[in-house]
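Q: Please read through the structure below; I'll follow up with questions.
The values are calculated or read from the model by the stated rules, or taken from the named source; none is laboratory data. All values reported here derive from a predicted model rather than from experimental measurement. Cβ placement follows ideal geometry from the backbone for every residue including glycine, while neighbour counts extend to all protein chains displayed. What goes into the accessible areas is simple: the full protein's heavy atoms, side chains included, and nothing from ligands, DNA or RNA. Shrake-Rupley method; radii C 1.70, N 1.55, O 1.52, S 1.80 Å.
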Amino acid sequence: MLQLIQYPHPTLRFASKPLARVDDQLRGMIDLMFQIMYEHRGVGLAANQVNLPLRLFVANPSGEKDSGQELVFLNPVIQKATGTIEAEEGCLSLPGLNGVVKRNKAVQVNAYSMDGKEINLKVEGFLARIIQHEVDHLDGVLFIDRMFDQGEILAEDLAGFEARFAKLRQEGQISTDEILAEQRQVWLDKYCG
Ligand code: NI
């Protein structure tokens, strides 16, 4: 069963590895990722946010299960990015935290769909922002790393997340770094080898 992980879980800092294969188990996990994204009222979710070290993300700019378009990007690479624009962002792995992030206005992304077809998309606006946020996740980068005002409020918020994480770990609800690394390796051997 997949679970949303929050900052500062180490898998969020893991640079995801490209997929070499897709199977029914992975399709099932992608369905679950959409479910988790909708439950938490998100518009995008990267695999490492559910503790999977795989280079894929899901998105639906509408944020609603029955509207908009469900998008799956396997092995996404941003090939071209132009213009800059600032807007507020949040992240399901840092709930309640928002901040202004400068992004490119338009991106050209190369990826694969679930049925193995190559996707070459040129997008701008909200979807371009989502794609940049999610590709960052897959590279182990969080929106707080790019936030404008990294002042005292951010430090306080992050300290809150860090205290919560330390407590969960103390209670045994989150595995040690060594066990998490072993679990990631199992997924890498299965899908990336
Ligand atoms: Ni995020």
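Q: Residues R169, R129: which one is in a helix (DSSP H, G or I), away from the ligand (no atom under 16 Å from the Cβ) and of a type outside the set (G, A, S)?
A: On the way: R129 fails: away from the ligand (no atom under 16 Å from the Cβ).
Of R169, R129, the one residue that is in a helix (DSSP H, G or I), away from the ligand (no atom under 16 Å from the Cβ) and of a type outside the set (G, A, S) is R169.
Q: To continue, here is another question. Could you please find all residues in segment 68-98 being within 12 Å of the ligand (Cβ to nearest atom) and of a type outside the set (D, E)?
A: Scanning segment 68-98 gives G90, C91, L92, S93, L94, P95, L97, N98.
Q: Filter segment 148-159 down to residues that are part of a helix (DSSP H, G or I) and either within 15 Å of the ligand (Cβ to nearest atom) or touching a residue at least 60 places away in the same chain (Cβ under 8 Å) (or both) and give me whichever is farthest from the chain's Cα centre (by Cα).
A: Quick first cut of segment 148-159, residues part of a helix (DSSP H, G or I) only: 152-159.
Adding the requirement that they be either within 15 Å of the ligand (Cβ to nearest atom) or touching a residue at least 60 places away in the same chain (Cβ under 8 Å) (or both) leaves 157-158.
On the way: D157: 20, L158: 18 Å.
Out of the qualifying residues, it is D157.
Q: Residues in segment 100-119: is at least one buried (at least 17 other Cβ atoms within 10 Å of the Cβ) and within 12 Å of the ligand (Cβ to nearest atom)?
A: Checked against the condition, which is being buried (at least 17 other Cβ atoms within 10 Å of the Cβ) and within 12 Å of the ligand (Cβ to nearest atom), segment 100-119 yields at least one hit.
Q: Within the set of pairs 6 or more residues apart or between chains, which connect a residue that is over 20 Å from F73 (Cβ atoms) inside segment 94-111 to a residue that is open to solvent by less than 50 Å² (accessible area, probe 1.4 Å) with Cβ atoms less than 6 Å apart?
A: Here the result reads L94/Y7; N98/G90; G99/M147, each pair linking segment 94-111 to a residue that is open to solvent by less than 50 Å² (accessible area, probe 1.4 Å).
Q: Scan segment 82-99 residue by residue and report those that are within 28 Å of D157 (Cβ to Cβ) and open to solvent by less than 70 Å² (accessible area, probe 1.4 Å).
A: A87, E89, G90, C91, L92, S93, L94, P95, L97, G99
Q: Can you pull out every residue in segment 1-21 that is over 14 Å from the mean Cα position of the chain (by Cα) and open to solvent by less than 40 Å² (accessible area, probe 1.4 Å)?
A: L19
Q: Something else: Give segment 129-154 a look and list any residue that's open to solvent by less than 60 Å² (accessible area, probe 1.4 Å) and among the hydrophobic types (A, V, I, L, M, F, W, C), or say none.
A: I130, I131, V135, L138, V141, L142, F143, I144, M147, L154
Q: Does segment 174-183 contain any residue that is within 12 Å of P8 (Cα to Cα), outside any helix (DSSP H, G or I) and modelled with pLDDT of 95 or more?
A: yes
Q: Which residues, taken from segment 74-105, are outside any strand (DSSP E or B) and out of contact with any helix residue (DSSP H, G or I) (no Cβ under 7 Å at 6 or more places or on another chain)?
A: Residues satisfying the conditions are P95, G96.
Q: Cβ-Cβ below 6 Å, separation at least six or inter-chain, first residue in segment 134-147 and touching a residue at least 60 places away in the same chain (Cβ under 8 Å), second charged (D, E, K, R) and crowded, with 17+ Cβ neighbours inside 10 Å: which pairs?
A: Pairs that qualify, where the first residue is touching a residue at least 60 places away in the same chain (Cβ under 8 Å) and the partner is charged (D, E, K, R) and crowded, with 17+ Cβ neighbours inside 10 Å, are L138/R55.
Q: Kindly check whether there is at least one residue in segment 117-124 that is outside any loop (DSSP other than H, G, I, E, B) and within 18 Å of G96 (Cβ to Cβ).
A: No - not one qualifying residue is present in segment 117-124.
Q: Return the total of residues in segment 22-43 being open to solvent by 10 Å² or more (accessible area, probe 1.4 Å) and either touching a Lys or Arg at 6+ places or on another chain (Cβ under 8 Å) or not aliphatic (A, V, I, L, M) (or both).
A: 12
Q: Output the qualifying pairs, or none if there are none: Cβ atoms under 6 angstrom, residues six or more apart or on different chains, first residue in segment 4-17 and touching a residue at least 60 places away in the same chain (Cβ under 8 Å), second residue of a type in the set (G, A, S).
A: Correct list of pairs: Q6/S93; Y7/S93; L12/S93; R13/G140; F14/G140; A15/G140.
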